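Presented below is the structure to which this report refers.
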Amino acid sequence: NLLFGFDKHDITDEMIPALEQARMILNEDPSATFMVLGHTCSIGAEEYNQKLSERRAASIKNWLVNSGISGGRLESIGYGESQPKYDNSSEESRKLNRRVEIKTH
């Protein structure tokens with residue numbers, strides 16, 4: 001998981017080691033395809049969170065493409081607040097829901 005700040009979709013320096021690791025894994029099988037899945041916490045309007053999750057997924061996909069991964073191998077999808085991994089009742093759990101996951105297709 002790559003975690004984002006509240007209302008943020010930009011790549012941070014803290015994400016680079018995890019992104020470099022993801023790039024290495026993606027390079028191990030050049031024929032494999034992956035989904036880049038963006039998520040948000042439940043604060044804010046559902047429509048806004050949907051767009052934010054799409055921007056989060058796109059920022060990770062763009063980083064990977066700019067690092068040499070073929071864009072045709074990556075599908076970015078935003079889920080907004082519809083698939084929380086944790087209960088949104090505390091700031092800590094909401095922080096963990098503001099994430100992007102990379103999964104095999």
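The values are calculated or read from the model by the stated rules, or taken from the named source; none is laboratory data. Only a predicted model underlies this, so the values are computations on that prediction, with no experimental measurement involved. Please note: Cβ atoms are built from the backbone with ideal geometry, for glycine as well, and neighbour counts cover all protein chains shown. Heads up: the accessible areas ignore ligands, DNA and RNA and are worked out on the full protein's heavy atoms, side chains in. Shrake-Rupley method; radii C 1.70, N 1.55, O 1.52, S 1.80 Å.
If you go through segment 88-105 and pick out every residue that is under 13 Å from Phe6 (Cα atoms) and hydroxyl-bearing (Ser, Thr, Tyr), you end up with 1. Within segment 21-52, being open to solvent by 20 Å² or more (accessible area, probe 1.4 Å), outside any loop (DSSP other than H, G, I, E, B) and either touching a residue at least 40 places away in the same chain (Cβ under 8 Å) or of a type in the set (A, V, I, L, M) (or both) holds for Arg23, Met24, Ile25, Asn27, Met35. Close Cβ contacts (under 9 Å, 6 or more residues apart or on different chains) running from residues in segment 70-85 that are closer than 7 Å to His39 by Cβ to residues that are at pLDDT 95 or above and part of a strand (DSSP E or B) comprise Tyr79/Leu37; Tyr79/Gly38; Gln83/Leu37.
For every residue, the table says whether it meets (1) surrounded by fewer than 18 Cβ atoms within 10 Å (Cβ to Cβ); (2) over 11 Å from the mean Cα position of the chain (by Cα); (3) assigned to a loop (DSSP other than H, G, I, E, B); (4) among the aliphatic types (A, V, I, L, M).
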| site | (1), (2), (3), (4) |
| --- | --- |
| Ile60 | no, no, no, yes |
| Glu81 | no, yes, yes, no |
| Asn88 | yes, yes, yes, no |
| Lys103 | yes, no, no, no |
